[in-house]
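Chemist: Below: one structure in structure tokens.
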Amino acid sequence: MSEREFAAQGYVIIPDAVTAAACDRLLGIVDASEHTGAGSRRLLREPAVAEMAAQLQQHPSIAALLPAAARAVQCTLFAKTPDTNWSVTPHQDLSVPVQQRVDAPGWSGWSVKEGATFAQPPLALLEQLLAVRLQLDDDAQSTGPLEVLPGSHRGGRLSMEALRAQFGAPRVRCIVPKGGVLVLRPLLVHASGKASGVGQRRVLHFLYGPPLEDGVALPNYVSR
């Protein structure tokens, strides 16, 4: 898919972005990390995860989609297992981690999760963000893969009424092989159903963006 097509669709699947052996090493770290339930928002503190963030950023197909001076600001683990089976209704990802609360124009929705501060930034920043979801397990078909609504990111930040209006629109199921990535704009409307099989789906969701916006610093958790 070309950069122009990505701009129109808002997502692309890149198979074989990393090796299966690299995924297995990350799975060992994930299994040893301190997280409960469906995952954790603070995996970027793990050195091997931070190294993977840098490796993915250098992938030619991903680098071409990133803004200048972009850096990884967050890595979230999403884990679906037979014991933690869940679904998510269609939504947009609007919150980003920040160093601290600062009263700046266009910032809202302040919250604290897992000891970190989050906020919803202005639309201009949201449109620069890029999410890269690395599939760590083999079974993506029956473990509740992400479903996306192509082109929906071009509508900007949608109201709840606008989101509800899109609930019935046909969505694309993104089947990503182990070691592959799904690259998407966080504003793209997406959802996830419950797993129908007995396998596991563990995904590392890397968020990349510019380091500064309106005086609010997006953190690199490795340095904290």
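Chemist: Measuring with a 1.4 Å probe in the full set of protein chains, what accessible area per residue, in whole Å², belongs to segment 1-133? Please list the in-between numbers first.
Modeler: On the way: 6520 Å² over 133 residues.
It amounts to 49 Å² per residue over segment 1-133.
Chemist: While we're looking at this one, here's another question. Which percent of the accessible heavy-atom area of the chain goes to carbon and sulfur, probe 1.4 angstrom?
Modeler: Working: 5130 of 10150 Å².
Summing carbon and sulfur atoms, their accessible area is 51 percent of the total for the chain.
Chemist: Hey, another quick one. According to the Kirkwood expression over distinct Cα-Cα pairs, how big is the hydrodynamic radius of segment 57-141, in Å? It would help to have the intermediate numbers written out before the result.
Modeler: On the way: mean 1/r = 0.0643 Å⁻¹.
Kirkwood radius, segment 57-141: 15.6 Å.
Chemist: Rounded to a whole number of µm²/s, how large is the Stokes-Einstein D of the chain at 4 °C and 1.567 mPa s, given Rh as the Kirkwood radius over C-alpha pairs? Mind dumping the intermediate values first?
Modeler: Details: Rh = 17.7 Å.
In µm²/s, the coefficient is 73.
Chemist: Compute for segment 95-200: radius of gyration divided by Kirkwood radius, i.e. Rg/Rh, restricted to C-alpha atoms, rounded to two decimals.
Modeler: Working: Rg = 16.0 Å, Rh = 15.8 Å.
With Rg and the Kirkwood Rh in hand, the quotient comes to 1.01.
Chemist: Further, regarding this structure: Could you please report the charge total around Val203, scoring K, R as +1 and D, E as -1 over all other residues with beta-carbon less than 10 angstrom from its beta-carbon? Provide the component values of the computation, followed by the final result.
Modeler: Numbers: positive: Lys80, Arg133, Arg201, Arg202; negative: Asp137.
Residues close to Val203 contribute a combined charge of +3.
The values are calculated or read from the model by the stated rules, or taken from the named source; none is laboratory data. Bear in mind the structure is a predicted one, so any value in this text is a computation, not a measurement. Every residue, glycine as well, gets a Cβ built from its backbone with ideal geometry; the counts of neighbours run over all protein chains shown. Side chains are part of the model used for accessible areas, which takes the heavy atoms of the whole protein and leaves out ligands, DNA and RNA. Shrake-Rupley method; radii C 1.70, N 1.55, O 1.52, S 1.80 Å.
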